[in-house]
Amino acid sequence: MTGKREKFPGWDGRDLNDRQQLRLGEGLYRQFNRFEPARIEHVRHPRLIPPVVVELGELAGVIYRSDKWQPGNPRTYIHFMENPPRLVSSVTGKQLYIVGGDYRVTSRGIEG
């Protein structure tokens, strides 16, 4: 141990309570989509990457559907990564994880 505080996905190393995280999440949703969220759901899922994963390769890009900027009218977006993160899976092959890379979610979409 180096004595450094461990960073956890979604918190970016910050000590945020649930309400603060919710506010930041809602703000990012509004910034990315340019409209208010229709609902907020509490989803139970594993929040940490397993200690052992299987390297699958570089994630060269992402293809996703969203109604960002046009509520109710989803479109397909393709984003190629400039500095690709790694794509890894759980050892059972049932969950994918994105590790590393240099990208951000902004009002213009996924950048980097």
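Computed from the coordinates by the stated procedures, all read-outs in this text should not be read as laboratory data. These figures come from a predicted structure and were not determined experimentally. Glycine gets a Cβ as well: all are built from the backbone with ideal geometry, and neighbour counts include every protein chain shown.
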When residues of the range 57-74 are filtered for being touching a residue at least 24 places away in the same chain (Cβ under 8 Å) and loosely packed, with under 12 Cβ neighbours inside 10 Å, how many remain? 2
Counted residues in the range 75-96 being of a type outside the set (S, T, N, Q) and exposed (fewer than 14 other Cβ atoms within 10 Å of the Cβ) come to 9
